[in-house]
Amino acid sequence: MIIDYLDSSTAAGLDADLCIIGAGAAGIAMARRFIGTPITVCVIEGGGALGEEQSQALYEGLSIGTPPLDAGTSRMRVFGGSCNLWGGGCIPLGAHDLAERDWVPHSGWPIRYDELRTYYERARDYCQINAYDFADGSFLAPLARNPIPFDADKLVNYVFARSPILFGKAYRTELENAPNITVVLHANLLELHASADGSSVRHARIGAIDGRRGMVRAQHYVLACGGIENARMLLLSDAVLPRGLGNQHDLVGRYFMDHPCGSMGTVLTDTPERLTRPYDRNAGKGVTPASPEIGLSHAFQQAHRILNGRVHPFAVEEAVPPGIRSLRDFRAALRPAVQDENAVLEARLCAALKNGPSTDDDARERSTNLAKLALRVGLGSTDIARAFVHKLRDKPTVRSNRVELIGYFEQTPNRDSRITLADERDILGLRKVCVDWRLTALDRRTYRTAAALFGAELARACGGTYRPAAWLSDDDDVPAQVHTTAHHLGTTRMSDDPRQGVVDRHCRVHGIDNLHVAGSSVFPTGGWAFPTFTVVALGLRLADRLYASMRTAALSEAV
């Protein structure tokens, strides 16, 4: 069942066995695990079925770190979560990513890759990419083009699969028809209210933007609100414990990480297609295409004592022939105009999160006069015909002699990189988030070392010349020109030691017997892998544990 908390005819208070706060990738996966069971589940979602600017405004906050990070545009408050904007990339973390590395402070997960493998298999089904098997840190999938062969001690071609679904859209009907599942839209968590000694959660206080208030009572609670919001909600739940829930060692919100990305420089070459065509994500075939990514080998990371990372080569087009430009403009004009609020919001957020190199087309104004554009297409038929021949020969349709290398990196777990609460309040009366995103010397050394390798190896592969980005100097006073990929990690990190983590290996908050956290906020380290696949796997693992625990408790009560 799906109800809207803005509808005053619905009950203000709800009771369930399990309360999941957040209907994103993790929350929906967990709720589905309980369909057809005797356990009742209430899923609280602050957004609506579609994106709305008023709900999205609740994600706005302050940024005081370097690099800056806009909390209001790097996530989406809606049923289905930020994955309503995702590109579908799925890849497992590898054993190396989970292991302790003596050169990476605070590294090492309390669980091993083997413990995740079964749940990766189920995550594969949930993401509807079950056509492919996978191994340690990569999918085993056929590729449209052979990737560049590298020295395996330096670079490795890892393969990711692309999920064809948006979770909210794909699983809405299942949740709506499940008699034991209640999804409540526009119900914002205001606070988790703890018992007098802080050892358990008594109820979740919820509210709508229109002023309606109520509560959810459950046996167990799961925060599944994302890497920033999970920490914010724990800090806001301070009625009983002034520092917030799970924060007895001042760890909630700390170790905030992302996958910083930025230009590593360019490769000048007469054959850019040798670099770009094998890694063209549009070349994949089928419903769930797979593509390679160029990553640092484990041996190179260890030998140079750096973090994990990958690079993607983007061809930078020379002057676009008039005929091709006119054809592109004509196709753009044929697309339906963005009108509804959800589409406008998605377009705004996608533009803010663009991670590839900028092009002349990004800033150029396009004509919308179809008659004029059609005439221009006709006049440019020679350019179009030439491009068509190039495409048949698997060549770029527009000439290029420059390839921009965009790097994406693991980040050092850093206690001083953190999420806190600002003094400014949102429309619900809650303190907004304050993001203090910080990099370390290890991060900067990783960028320099990896960029030199990426540039040298890719230049060698095409007979070109590598020119590093100016900011990659040895001067640490030069700001790193990297930005967010909206992969928010680490703010409720996992550790068996409550002095080192907010949750234990089972994702239960230390010191609170019925509060759990799902999502990327529990990652102790992040590798470079897109996090959603691991988020889903961990969510399914937590759902299994909760199901077993609640069934055992129910059977004991029956006896």
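The values are calculated or read from the model by the stated rules, or taken from the named source; none is laboratory data. Everything quoted here is computed from the prediction, not taken from an experiment. With ideal geometry, Cβ positions are generated from the backbone for all residues, glycine too; neighbour counts draw on all protein chains shown. In case anyone asks, the SASA skips ligands and DNA or RNA and just uses the protein heavy atoms, side chains included. Shrake-Rupley method; radii C 1.70, N 1.55, O 1.52, S 1.80 Å.
Any idea which of E457, E424, E404 is under 30 Å from G61 (Cβ atoms), out of contact with any helix residue (DSSP H, G or I) (no Cβ under 8 Å at 6 or more places or on another chain) and either in a strand (DSSP E or B) or modelled with pLDDT of 65 or more (or both)? Give the steps one after another, and end with the answer.
Values: E457 fails: under 30 Å from G61 (Cβ atoms); E404 fails: under 30 Å from G61 (Cβ atoms).
Checking each option against the conditions leaves just E424.
Please go through (1) open to solvent by less than 60 Å² (accessible area, probe 1.4 Å); (2) not in a strand (DSSP E or B) for E176 and return the number of the only condition it doesn't satisfy.
(1)
For the subset of the stretch 249-274 comprising residues that are touching a Phe, Trp or Tyr at 6+ places or on another chain (Cβ under 7 Å) and within 19 Å of C462 (Cα to Cα), which member is surrounded by the fewest Cβ atoms within 10 Å (Cβ to Cβ)?
G265
Looking at the stretch 45-68, which of the residues that are touching a helix residue (DSSP H, G or I) at 6+ places or on another chain (Cβ under 7 Å) and either open to solvent by 40 Å² or more (accessible area, probe 1.4 Å) or hydroxyl-bearing (S, T, Y) (or both) is farthest from E176 (Cα to Cα)?
If we filter the stretch 45-68 for residues that are touching a helix residue (DSSP H, G or I) at 6+ places or on another chain (Cβ under 7 Å), which is where we start, we get 46-48, 50-53, 56.
Cutting the leftovers down to either open to solvent by 40 Å² or more (accessible area, probe 1.4 Å) or hydroxyl-bearing (S, T, Y) (or both) gives us 50, 52-53.
Values: L50: 16, E52: 21, E53: 25 Å.
Among them, the one singled out is E53.
Residues checked against (1) small (G, A, S); (2) loosely packed, with under 15 Cβ neighbours inside 10 Å; (3) more than 14 Å from the chain's Cα centre (by Cα); (4) part of a helix (DSSP H, G or I):
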position: H516; (1), (2), (3), (4): no, no, yes, no
position: W528; (1), (2), (3), (4): no, no, no, no
position: S549; (1), (2), (3), (4): yes, no, yes, yes
position: A553; (1), (2), (3), (4): yes, yes, yes, yes
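Residues being under 25 Å from G455 (Cα atoms) and without any contact (Cβ under 8 Å) to a residue 40 or more places away in the chain: count how many of those fall in the stretch 104-155. Let's see the steps before the verdict.
Taking the stretch 104-155 first, the residues under 25 Å from G455 (Cα atoms) are 104, 137-138, 143-155.
Now restrict to residues that are without any contact (Cβ under 8 Å) to a residue 40 or more places away in the chain: 149.
Result for the stretch 104-155: 1.
Pick from the stretch 275-305 the residues that are farther than 21 Å from P468 by Cβ and basic (K, R): which of them is surrounded by the fewest Cβ atoms within 10 Å (Cβ to Cβ)?
Our first condition is that a residue be farther than 21 Å from P468 by Cβ; within the stretch 275-305, this holds for 277-278, 280-292, 298-299, 302.
Next cut, basic (K, R) only: 277, 281, 285.
Numbers: R277: 18, R281: 17, K285: 10.
Looking at the filtered set, the residue picked out is K285.
Please state which one of R499, R505 is surrounded by fewer than 20 Cβ atoms within 10 Å (Cβ to Cβ), at pLDDT 95 or above and under 20 Å from R101 (Cβ atoms).
Working: R499 fails: under 20 Å from R101 (Cβ atoms).
Every option except R505 fails the conditions.
Just give me the residues in the stretch 1-32 being among the β-branched types (V, I, T) and crowded, with 24+ Cβ neighbours inside 10 Å, in sequence order. Please lay out each step first, then the result.
Within the stretch 1-32, the subset among the β-branched types (V, I, T) is 2-3, 10, 20-21, 28.
The answer is I20, I21, I28.
Which one is surrounded by the fewest Cβ atoms within 10 Å (Cβ to Cβ), of the residues in the stretch 70-109 that are assigned to a loop (DSSP other than H, G, I, E, B) and in contact with an Asp or Glu (Cβ under 7 Å, 6 or more places away or on another chain)?
Residues of the stretch 70-109 assigned to a loop (DSSP other than H, G, I, E, B): 70-80, 86-88, 91-94, 99-109.
Those left that are additionally in contact with an Asp or Glu (Cβ under 7 Å, 6 or more places away or on another chain): 71-72, 79, 94, 107-108.
On the way: A71: 23, G72: 17, F79: 26, G94: 19, S107: 18, G108: 15.
Here the answer is G108.
Going through A303, A333 one at a time, which residue ends up being modelled with pLDDT under 95 and either part of a helix (DSSP H, G or I) or in contact with a Ser or Thr (Cβ under 8 Å, 6 or more places away or on another chain) (or both)?
Working: A303 fails: modelled with pLDDT under 95.
Of A303, A333, the one residue that is modelled with pLDDT under 95 and either part of a helix (DSSP H, G or I) or in contact with a Ser or Thr (Cβ under 8 Å, 6 or more places away or on another chain) (or both) is A333.
Which of the residues spanning the stretch 130-146 are open to solvent by 40 Å² or more (accessible area, probe 1.4 Å) and either part of a loop (DSSP other than H, G, I, E, B) or among the charged types (D, E, K, R) (or both)? Break it down stepwise before answering.
Applying the first criterion (open to solvent by 40 Å² or more (accessible area, probe 1.4 Å)) to the stretch 130-146 yields 130-131, 133, 136, 140, 142-146.
Matches in the stretch 130-146: N130, A131, D133, D136, P142, L143, A144, R145, N146.
When you look at L458, is it over 22 Å from R310 (Cβ atoms) and buried (at least 20 other Cβ atoms within 10 Å of the Cβ), yes or no?
Working: over 22 Å from R310 (Cβ atoms): no; buried (at least 20 other Cβ atoms within 10 Å of the Cβ): yes.
No, not satisfied.
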